[in-house]
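Please read the structure below before turning to the comments.
Read-outs: derived from the displayed coordinates by stated rules, not from any lab. These numbers come from a predicted model, not from an experiment. For neighbour counting, all protein chains shown are included, and Cβ atoms are generated from backbone atoms with ideal geometry for every residue, glycine included.
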Ligand code: SF4
């Protein structure tokens with residue numbers, strides 16, 4: 001019988017089977033940021049186990065609160081920084097070079113098809129866009145990952161989600177994944193891998209695929225995964241050109257990770273997006289999703305563009321398409337945080353930063369910041385934010401604040417109007 | 001082996017997320033103990049007061065998809081430092097459940113009927129858990145017992161006192 005990509009990755013990385021349903025995997029990349037790593041580092045130190053399994057396989061960034069906003073966050077950054085130096089971790093990204101982990105690490109070419117990737121961060125599922133098994137984990141798993149290079153998982157079942165049809169103008173990967181989460185609900189994919197495929201995904205850029213996989217966790221999934229193909233190979237080409245003779249050769253080689261035609265899925269869902277309209281969340285759970293037309297006129301106080309979901313260059317372009325030559329509503333605060341320095345630079349070169357600034361946006365350095373209500377745009381009680389991020393939990397962006405998740409295109413439209421509106425009416 | 005159980009706190013809602021268990025603004029703490037006062041701070045349930053209602057509690061009883069959202073193990077530590085050593089629910093988010101076992105604490109899944117029976121025992125309920133025999137007894141306005149099942153690896157993690165101790169020995 002055929003195998004899914006995840007089964008193939010599990011097979012090639014299996015270190016142990018501690019029980020019939022559990023597998024301990026060898027890990028290719030352990031990624032670390034300053035919120036969940038310091039306690040692991042301190043604990044290893046206290047136990048006299050201050051070692052790493054392989055400094056080349058550990059990637060470290062300070063991204064959640066950067067520059068540090070107070071002495072506590074400065075201490076977290078310092079613990080991580082000191083540790084990275086002590087352990088000779090070359091791939092360490094600090095101020096000036098840092099960006100949101102799930103945008104930065106793919107950009108650096110750290111993820112390859114068939115890899116196993118862990119991080120103390122739930123949106124690690126983003127990296128499945130490259131045909132990897134990438135999962136968010138807690139600090140103890142991270143600690144063991146750093147120390148031993150292994151992590152345990154229950155054997156996940158796979159759900160196949162096929163996206164067919166043609167994406168209409170003004171509708172993006174964000175709208176597609178919000179629609180999928182609405183269908184599946186917040187725990188519809190718990191303990192499962194979401195294999196996201198079909199002709200629409202085949203035509204998507206890596207950026208868009210990352211947006212899809214990023215939010216797999218919002219349906220409870222362990223990982224989202226897309227088949228590695230030519231788009232993947234072209235994105236990775238600068239990093240793999242010594243390993244392959246040509247892009248064609250890489251594309252051919254990546255096929256070894258494709259799910260077999262007769263692989264077994266626990267569920268299959270097909271979504272025709274030809275008539276999909278922009279989607280938006282209305283409540284405090286990411287599956288509380290409606291067509292944007294149903295929330296027309298709903299007030300917003302802040303518009304936040306950025307994060308590991310939608311802070312990439314294509315996202316900035318989509319927002320700029322709406323904002324070009326316009327001003328945001330006087331009642332709205334617009335905040336743009338390009339997800340990495342490279343994206344920031346590119347946006348400057350393309351004139352996008354100017355468009356945002358002319359429209360009245362504040363442009364901040366790359367950081368998670370407001371996405372998790374830590375800095376750079378925390379909401380006051382009773383305030384509402386139109387946001388391109390991935391979580392709308394009660395209080396996520398600040399106690400008593402409310403978040404509506406949407407695409408950058410829709411968020412830009414909300415900025416212009418001061419309320420949620422159908423972005424397709426604006427251009 | 002450690003014994004598990006204690007007075008129960010009932011959180012009667014599905015999908016309680018990690019932001020509700022411990023808000024992100026406390027993630028800047030570098031010690032587990034510092035989290036103690038902030039347990040369930042942002043959880044809004046009718047009549048629920050996080051400070052008052054978590055005093056002296058040993059077990060949390062809840063509904064489905066508990067611990068969804070972020071990967072923060074702080075959600076488990078904030079229970080641990082408040083002497084809560086077991087969480088019982090219909091289902092858990094994967095990372096939360098793994099974090100519990102990784103810290104050597106059981107996350108126990110019960111069917112809806114058994115859970116309803118626990119919720120029906122009144123306000124003052126004492127629960128005890130036997131990991132070996134996989135049974136749970138609860139004393140409230142009456143006494144009930146039910147079985148549960150633990151995956152053998154999860155059981156090994158509880159016995160070892162967590163994943164680090166287990167992995168350090170084995171890999
Ligand atoms: S941008 Fe938001 S969701 Fe993404 S890693 Fe940062 S805090 Fe998490």
Fill in: Overall Cα dimensions of the range B:40-81 - principal axes, largest extent first, Å
27, 23, 17
Worksheet item: So what's the back-of-envelope 222 nm ellipticity for chain B, counting only DSSP H runs of four-plus at -39500 (n - 2.57) apiece and dividing by all residues, rounded to 500?
Response: -7000 deg cm²/dmol
Discussion item. If you restrict to DSSP beta bridges whose two residues both lie in chain A, what percentage is antiparallel, to the nearest 5?
Written reply: 20
Practice prompt. Take peptide A:144-153, look around each residue's Cβ out to 10 angstrom, count Cβ atoms belonging to other protein chains, and average those counts.
Written response: 4
Discussion item. So if I take the centroid of the Cα atoms in the range A:182-231 and the same for the range A:392-427, what is the distance between those two points in Å?
Written reply: 23
Worksheet item: Taking chain A as a Gaussian network, Cα atoms linked when under 10 Å apart, which of A:36, A:185, A:331 shows the biggest mean-square fluctuation?
Response: A:331
Worksheet item: Averaged over A:11-23, how many beta carbons belonging to a partner chain fall within 10 Å of each residue's beta carbon?
Response: 3
Discussion item. Between the range A:320-389 and the range B:23-100, what is the separation of their alpha carbon centroids in Å?
Written reply: 33
Worksheet item: What number, in percent, do you get for the relative contact order of the range A:5-153 if the mean sequence gap of Cα pairs under 8 Å and at least 6 apart is divided by its residue count?
Response: 33
Item to complete: Could you order peptides B:87-99, A:402-414, A:316-328 by the average number of other Cβ atoms within 10 Å of their residues, highest first?
Response: A:402-414, B:87-99, A:316-328
Response to the item:
Taking a ≥ b ≥ c as the square roots of the eigenvalues of the Cα gyration tensor, with a/c under 1.5 meaning rounded and otherwise prolate when a/b exceeds b/c and oblate if not, chain A is oblate
Worksheet item: Where does each of A:1, A:227 land when they are ranked from fewest to most other beta-carbon atoms within 10 angstrom?
Response: A:1, A:227
Worksheet item: Between residue A:358 and residue A:266, what FRET efficiency comes out of the Förster formula 1/(1 + (r/R0)^6) with R0 = 41 Å and r the beta carbon distance, rounded to 0.05?
Response: 0.25
Worksheet item: Using a ≥ b ≥ c from the Cα gyration tensor of the range A:281-427 (square roots of the eigenvalues), is it rounded, prolate or oblate, where a/c under 1.5 gives rounded and otherwise the larger of a/b and b/c decides, a/b for prolate?
Response: oblate
Worksheet item: What are the principal axis extents of the Cα atoms in the range A:157-272, in Å, biggest first?
Response: 44, 34, 22
Response to the item:
A student applying the Cα gyration tensor rule (rounded when a/c is under 1.5; otherwise prolate if a/b is larger than b/c, oblate if not) would label chain B oblate
Response to the item:
For A:10, B:66, A:105, A:147, ascending order of other Cβ atoms within 10 Å (fewest first) is A:10, A:147, A:105, B:66
Worksheet item: Tell me, what is the percent relative contact order of the range A:157-272, built from C-alpha pairs under 8 Å that lie six or more residues apart?
Response: 38
Response to the item:
When chain A is treated as a Gaussian network with springs between alpha carbons less than 10 Å apart, the largest mean-square fluctuation among A:310, A:365, A:88 is found at A:88
Worksheet item: What relative contact order, as a whole-number percentage, does chain A give when Cα pairs under 8 Å and 6 or more residues apart are counted?
Response: 17
Practice prompt. Would you look at the GNM of chain A, springs on alpha carbons closer than 10 Å, and say which of A:202, A:272, A:287 moves the most?
Written response: A:272
